[in-house]
1. Using just the helices of the chain, give the 222 nm mean residue ellipticity in deg cm²/dmol: DSSP H runs with n ≥ 4 each add -39,500 (n - 2.57), and the total is spread over all residues, rounded to 500.
2. Report Rg (one decimal) and Dmax (nearest whole number) for segment 194-405, counting Cα atoms only, units Å.
3. Binned at 20 Å from 0, what are the whole-percent values of the Cα-Cα distance distribution for the chain, short to long?
4. Measure up LYS22/LYS296; LYS221/LYS360; LYS27/LYS64; LYS157/LYS296; LYS179/LYS259; LYS29/LYS179 against 31 Å on the Cα-Cα distance and list the ones that go over.
5. Could you compute the net charge surrounding THR15? Neighbours are other residues with a C-beta less than 12 Å from the C-beta of THR15; K and R count +1, D and E count -1.
6. How large is the convex hull of the Cα atoms of segment 135-190 per residue, expressed in Å³ as a whole number?
7. What value does segment 2-99 have for Rg/Rh, both radii from Cα atoms and Rh as Kirkwood defines it?
8. Which FRET efficiency value, to the nearest 0.05, do you get for ARG119 and LYS157 by plugging their Cβ-Cβ distance into 1/(1 + (r/R0)^6) with R0 = 30 Å?
Amino acid sequence: MLVMGVLRRQQYLDTIIASFSKTRLKKMKPLTLIALRVGCYQIIFLERIPDSAAVNETVKALKKMRQPGWLTGFVNGTLRAIARNRDTLPLPETAGRSNSPILEHPSWLTDRWTAHFGREKMEEICAVNNQQPQLCLRAVPGERENLAEELNRKGIKAQLGRYSPESLVLPDYRGQISKLPGYAQGLFHVQDQAAQLVCQLLLPLRPDGLYLDGCAGLGGKTAVLAGVLPQTASLLAVEPDARRARLLGENLQRLRLDKRVTVVRQRLEDFARSTDLVFDGILIDAPCSGTGVIRKHPDIRWNRQPEDMAVFQEQQLSLLHAGASLLAPGGVLVYATCSLEPEENREVVEAFQHREDRFKLTDCSQFLPETAAELVDDLGCFAPLPSEEIEGFFAARLKVSFSQAS
């Protein structure tokens, strides 16, 4: 909570620290500034921690790291001054220039979101990203209502998700996932509603079809596909990283789906060059900037740079072309990212279609629940913006017609 909280409130914390410190923030060593942020966050945002404890533990940590006495004294004095004046501190909503809200995002990112979505929507996205996300589960098909009933009976508030038919939202749960009822029995896995819905874009699955998750990662989407896979169909999951492939296998085993999936330890591009298989449906959930999931991963806002988009775009196009080479006539290729940036979404699809003109976009709303129709854009792509209920995402459903393939 301390790490995530500091990352979500970094600009506001720096504003408060700067108003009480005689040393400019740019002159401070990173360790000093981080210690002040952690202490300041506890004083302002964590009501259950006494101010004295927040100050003393911060100073104690610096002493343990053998910081000089003058520095620990400076941190001690600055935090105590903030604590004494806590009741008169400006709120994040008015602490910016000219009493404007502090958005807690770098200006290059808010500028580009303003250009793409307008200022009001940009501020809404930033506000959502600064909140702690609610826990969202995907229940095994047919078990959602039973699982919700069991959770509520045990005092764990569970609500049916709005968009995905298998989603459960636990708005107040902060404990270990493994302690939840149904975990050991493989009745659910953690997954946002947007990621759940993306998998539906490969539907309907053929009874004897061959399917591929080209960027499996830890297997969240692999598990969704395996759970709805016809008994006579097959699913391969490609994941080159050894650690992720191991966790993918463990997750599938807990969900009782490991016998339904063949895991391939290879890069998708290498796999495409080494196999004669062709697939009826392929999901490419490509590596991306992750700007749609900043609420869950608040470090992204500070670690990304504008030039990263071009690097990701090159990777994404490489993966899409590899996937295209593996697709059977009449097959479906779903391209997805958890990014809000057009360079990784629309522009990737346009560049791909320019080279692979046999692929046509199909309207995603035809394959999603009616409740999710509002999340489809004017091109027919799945493109929700971050909100309290769903993460930012993008998905395009591309199909090859039999006539063009032949």
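Nothing in this text is a laboratory measurement; each read-out follows from the coordinates by a stated rule. Given the structure is predicted, the values throughout are model-derived calculations rather than measurements. No Cβ is skipped: glycine too gets one built from the backbone with ideal geometry, and neighbour counts run over all protein chains shown.
1. On the way: 16 runs with 167 residues, N = 406.
That comes out to -12000 deg cm²/dmol.
2. For segment 194-405, the Cα-based Rg and Dmax read 16.2, 48 Å.
3. 24, 50, 24, 2
4. Correct reply: LYS22/LYS296; LYS29/LYS179.
5. Working: positive: ARG9, ARG37, ARG97; negative: ASP14, GLU104.
Net of charged neighbours comes to +1.
6. On the way: hull volume 3.8 nm³, N = 56.
Each residue corresponds to 68 Å³ of Cα convex hull volume.
7. On the way: Rg = 12.7 Å, Rh = 13.5 Å.
A ratio of 0.94.
8. Details: r = 35 Å, r/R0 = 1.15.
Efficiency computed from Cβ-Cβ geometry: 0.30.
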